[in-house]
Amino acid sequence: MAAIAHRPTWMTRLNAGGHRTGLNVFFLIVLGHWAEHLVQAYQIWVLGRPVPESRGILGQWFPWLIKSEGLHYGFAVVMLVAFILLRPGFSGRSRTWWNIALGIQVWHHFEHLLLLIQAQSGHNIGGRAVPTSIIQLLVPRVELHLFYNAVVFAPMVVAMLLHRRDAAAAGPGGARSCDCAVARA
């Protein structure tokens, strides 16, 4: 009987030879999201615009977009899926930090799911005029989402930096099958 050739799954390929590319694409998406939040914060606290008129970058041209809970929920799902899909490529301390970011994103996703359900049903927590997340009962939405993004981003960056260093330390042909090592000149 002839041996059947093992063909790696797309997950295996993503977390080996495609890990660096996957992480870079994910990082660029996250930076774009940060840009939106930072521009919105600038519009509020530097330019003095009211919150409803502070719509970030895309919201200036597409005001309906920034008000869409579906858009915000969709981004929370993209983040969650990326954390899960890229997780197998991490190990050791970098995996611990990646797991911390993933855990926080699970909660952030839950909050956005709650907002989406309220927007779709028309029934808001506490009879509020707009969809409201649990922590938003204590902290205004703009500040809360800046906080959420920071506490997800910080351990994500630590994980990526540790991962690159660990991949470089393993060297070519080392225990790592990932392509994240930075070539040293």
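The values are calculated or read from the model by the stated rules, or taken from the named source; none is laboratory data. Just so it is clear, the structure is predicted and the values come from calculations on it, not from any experiment. Quick reminder, even Gly has a Cβ in these numbers, built from the backbone with ideal geometry, and neighbours come from all protein chains shown. Ligands, DNA and RNA are excluded from the accessible area calculation, which covers all protein heavy atoms including side chains. Shrake-Rupley method; radii C 1.70, N 1.55, O 1.52, S 1.80 Å.
The residue that is nearest to L102 (Cα to Cα), among those in the range 9-68 that are part of a helix (DSSP H, G or I) and among the small types (G, A, S), is G22. Taken over the range 109-134, the criterion of being on the phi > 0 side of the Ramachandran plot and part of a helix (DSSP H, G or I) is satisfied by G126, G127.
If you check every pair at least six apart or on different chains, which have Cβ atoms under 6 Å apart with a residue in the range 115-133 that is within 22 Å of Y148 (Cα to Cα) first and a residue that is aliphatic (A, V, I, L, M) and surrounded by 11 or more Cβ atoms within 10 Å (Cβ to Cβ) second? From the range 115-133, the pairs are P131/L115; P131/A119; T132/I125; S133/L114; S133/L115. Selection of the range 144-165 for residues being under 17 Å from the mean Cα position of the chain (by Cα) and open to solvent by 70 Å² or more (accessible area, probe 1.4 Å) yields F147, L161. All of (1) free of Cβ contacts under 8 Å to residues at least 12 places away in the same chain; (2) surrounded by 18 or more Cβ atoms within 10 Å (Cβ to Cβ) hold for F110 with one exception: (2). Is there a residue being farther than 21 Å from V78 by Cα and exposed (fewer than 13 other Cβ atoms within 10 Å of the Cβ) anywhere in the range 12-23? There is no residue in the range 12-23 that is farther than 21 Å from V78 by Cα and exposed (fewer than 13 other Cβ atoms within 10 Å of the Cβ).
Take E36 and decide whether it is loosely packed, with under 14 Cβ neighbours inside 10 Å and touching a helix residue (DSSP H, G or I) at 6+ places or on another chain (Cβ under 8 Å). No. Among the residues of the range 21-37, write down those that are within 21 Å of L65 (Cα to Cα) and in contact (Cβ under 8 Å) with a residue 60 or more places away in the chain. V30, H33, W34, H37, listed by residue number.
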